[in-house]
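Enquirer: Below is a structure I'd like to ask you about.
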Amino acid sequence: MADKLHFALVSPEAELFSGEVDQVDIPGTEGDLGVLPNHSALMAAIRTGAITVFDGGETTQYFVQGGFADVTPDGLTVLAEKATLMADIDKEALQSDLDAAKARIENLEGEAALIVQQDIDGLSELIAG
Amino acid sequence: MPSLKELKNRIGSVKNTQKITRAMQMVAAAKLRKAQEAAEKSRPYSDRISNIIANLAQSMQGGGDAPAMLTGNGKDETYLLVVATADRGLCGGFNTNIVRKAREEIVALKKAGKTVKLYLIGKKGKEQLSRLYEDDIVEYISLKEEKTIHSGIALGIGQKITAMFEAGEFDVCKLIFSEFENVMTQNPIAKTIIPAAAGIEEGSDADAAENGGSFYTYEPDEEGILRVLLPRNINTQIFTALLENQAGEMGSKMTAMDNATRNAGDMIDKLTLTFNRTRQAQITSELIEIISGAEAL
């Protein structure tokens with residue numbers, strides 16, 4: 001049997017997922033990355049977007065807003081600021097988040113603006129899709 | 001000897017009090033379940049974030065340019081104590097225990113010649129601490145208006161503390177709150193949150209050592225991650241503390257109100273006994289009067 005990856009998705013409010021999976025795709029700030037079992041130790045910041053969990057031919061998607069992915073020999077832990085199951089998404093709430101982000105970017109520049117811009121992109125993509 | 005009427009009134013008033021305390025107990029029990037759930041759900045996140053920081057602290061050891069928030073700014077002159085208490089009373093010794101812990105810390109620090117600043121969360125703690133340490137209080141907020149503890153509250157407090165640290169207003173930050181163990185036991189504890197590495201060494205040292213051999217790849221880079229992660233850690237610690245406090249407050253209130261209800265019951269029993277005895281004595285004395293009156297004829 002092939003190795004499995006231990007994956008845990010936690011937000012401050014709850015632990016959304018914890019278990020063994022085949023592969024997890026996470027949206028890093030520098031680009032998407034796929035994590036397979038026995039990945040080397042990695043610490044990555046996450047942008048707003050979708051996490052895809054592959055397990056036994058099935059995929060589950062979670063929507064996350066900001067946070068960190070921590071890969072250790074024990075597995076992958078995603079600490080998300082906000083996380084929801086893709087199926088349970090409340091588009092109206094997202095729209096208000098998007099508006100808030102758009103308002104915020106007005107007074108920002110440089111790196112901070114880039115981060116917020118990533119949020120905006122992620123959110124608009126999701127609302128459109 | 002109180003008259004029958006007086007006794008009756010007293011029994012009535014104790015019964016009313018009992019009704020109130022019983023209602024409060026039931027409300028606390030219902031809230032406790034929710035608060036406990038919330039506290040337990042937040043634990044994985046805060047545990048993991050502590051683990052990550054422990055790992056980072058481990059791998060950054062020796063590197064001279066670790067951020068001040070992680071390893072301290074090299075001084076320990078000014079302490080900021082964040083004391084989280086409840087906004088409401090009638091919950092047994094809950095608030096008093098936290099305040100006592102805070103006072104012990106303050107006394108110990110002052111004895112060592114340190115400057116102490118207080119950041120108070122919750123009305124009850126302020127009432128008790130402002131009597132002794134009025135001048136040391138730098139910030140006070142009440143959560144009375146908030147219906148539930150959400151991460152936004154912790155975020156606000158966390159940002160304030162982070163800003164204060166960056167402005168050099170304090171060197172070490174300790175968070176004093178009550179750890180929820182179970183309904184009967186809440187332990188007031190003081191946890192160092194700035195520098196972040198200090199708080200972790202006590203608890204998960206073994207954990208850090210286990211993973212210490214692995215070298216992290218950082219994306220984007222170490223600094224960028226730490227810059228976001230460390231303030232996040234502060235917010236999380238505060239959030240967890242508030243949730244634990246809430247659960248503790250409810251547990252404590254439930255126990256206190258349960259006791260009060262039981263005491264009221266005992267009191268009613270005692271008063272009813274006195275009432276019956278008095279009534280009996282009155283009847284007996286009336287009978288004697290009638291009989292001796294009849295005999296005199």
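Enquirer: At a probe size of 1.4 Å, how large is the accessible area of B:ASP136, to the nearest 10 Å²?
Expert: 30 Å²
Enquirer: Please list, in order along segment B:180-189, the HN-Hα scalar couplings obtained from phi with the Karplus expression 6.51 cos²θ - 1.76 cosθ + 1.60 (θ = phi - 60°), rounded to whole Hz, x for Gly and Pro.
Expert: 8, 9, 8, 4, 7, 10, 10, 9, x, 9
Enquirer: Still on this structure, I have one more. To the nearest 10 Å², what's A:HIS39's accessible area with a 1.4 Å probe?
Expert: Roughly 60 Å² of A:HIS39 is accessible to a 1.4 Å probe.
Enquirer: Treating the angle as unsigned and between 0 and 90°, give the value, to the nearest 10°, between the Cα long axis of helix B:123-133 and the longest Cα principal axis of chain B.
Expert: Roughly 80 degrees, rounded to the nearest 10.
Enquirer: Sorting B:LEU242, B:LEU273 by accessible area (1.4 Å probe), largest first, what list results?
Expert: B:LEU273, B:LEU242
Enquirer: Using the structure shown, select from B:LYS19/B:LYS41; B:LYS15/B:LYS123; B:LYS15/B:LYS144; B:LYS75/B:LYS124; B:LYS111/B:LYS253; B:LYS101/B:LYS126 the pairs with a Cα to Cα distance greater than 23 angstrom.
Expert: Distance filter (> 23 Å) returns B:LYS19/B:LYS41; B:LYS15/B:LYS123; B:LYS15/B:LYS144; B:LYS75/B:LYS124; B:LYS111/B:LYS253.
Enquirer: Convex hull over the Cα atoms of segment B:35-255, averaged projected area in nm²?
Expert: With the hull built on Cα positions only, its mean projection is 12.4 nm².
Enquirer: Sticking with this one: Got a sec? What order do A:ASP88, A:ASP119, A:ASP70, A:ASP22 fall in by accessible area at 1.4 Å, biggest, i.e. largest, first?
Expert: The ordering from most to least exposed comes out as A:ASP88, A:ASP22, A:ASP119, A:ASP70.
Enquirer: Here's another thing I want to ask about it. Search the structure for amide H atoms under 5 Å from the amide H of B:ILE137, placed 1.01 Å from N in the peptide plane, and list their residues when 5 or more places away or on another chain.
Expert: Here the answer is B:LEU118, since their amide H atoms fall under 5 Å of that of B:ILE137.
Enquirer: Can you sort B:THR96, B:THR148 by 1.4 Å-probe accessible area, starting with the largest?
Expert: B:THR148, B:THR96
Enquirer: Computed on alpha carbon atoms, what radius of gyration and Dmax characterise the protein assembly as shown, expressed in Å?
Expert: Radius of gyration, then largest Cα-Cα span, for the protein assembly as shown: 29.0, 115 Å.
Enquirer: Would you give the gap between the C-alpha center of segment A:42-99 and the C-alpha center of segment B:1-60, rounded to a whole Å?
Expert: 34 Å
Enquirer: How big is the antiparallel share of DSSP beta bridges in the protein assembly as shown, given as a percent to the nearest 5?
Expert: Percent antiparallel among DSSP bridges in the protein assembly as shown is about 65.
Enquirer: Rounded to the nearest 10 degrees, what's the angle between the helix A:111-128 long axis and the longest principal axis of chain A, both from Cα atoms, 0 to 90?
Expert: Helix A:111-128 sits roughly 80 degrees off the main axis of chain A.
Enquirer: Also, quick follow-up: If R₀ is 41 angstrom, what is the calculated FRET efficiency for the pair A:GLU13 and B:ALA281, using the beta carbon separation as r and rounding to 0.05?
Expert: Rounded to the nearest 0.05, the efficiency is 0.05.
Enquirer: How far apart, in nm, are the 7 Å Cα→Cβ label points at B:GLU139 and B:SER292?
Expert: In this crude label model, B:GLU139 to B:SER292 measures out at 7.9 nm.
Enquirer: Based on the Cβ-Cβ distance from B:ARG100 to B:ASP221, what FRET efficiency comes out when R0 is 35 Å, to the nearest 0.05?
Expert: 0.20
Enquirer: Less than 9 Å Cβ to Cβ from B:PHE170, Lys/Arg counted +1 and Asp/Glu -1: what total charge do the surrounding residues give? Please list the in-between numbers first.
Expert: Numbers: positive: B:LYS117; negative: B:GLU77, B:GLU169, B:ASP171.
Once all neighbours under 9 Å are counted, the net charge is -2.
Enquirer: So, one more: Taking only the C-alpha atoms, wrap a convex hull around segment B:12-116 and report its volume per residue in Å³ as a whole number.
Expert: Spelled out: Cα convex hull of segment B:12-116, divided by residues, is 130 Å³.
Enquirer: Probe 1.4 Å, all protein chains in place: accessible area of B:LEU129 in Å², nearest 10?
Expert: 0 Å²
Enquirer: By how many degrees, between 0 and 90 and to the nearest 10, does the Cα long axis of helix A:91-105 differ from the longest principal axis of chain A?
Expert: 60 degrees
The values are calculated or read from the model by the stated rules, or taken from the named source; none is laboratory data. Please read all numbers here as calculations on a predicted model, not as lab measurements. When we count neighbours, we look across all protein chains shown, and the Cβ atoms used for this are built from the backbone with ideal geometry, even at glycine. Just so you know, the surface numbers come from the protein's heavy atoms only, side chains and all, with ligands and any DNA or RNA stripped out. Shrake-Rupley method; radii C 1.70, N 1.55, O 1.52, S 1.80 Å.
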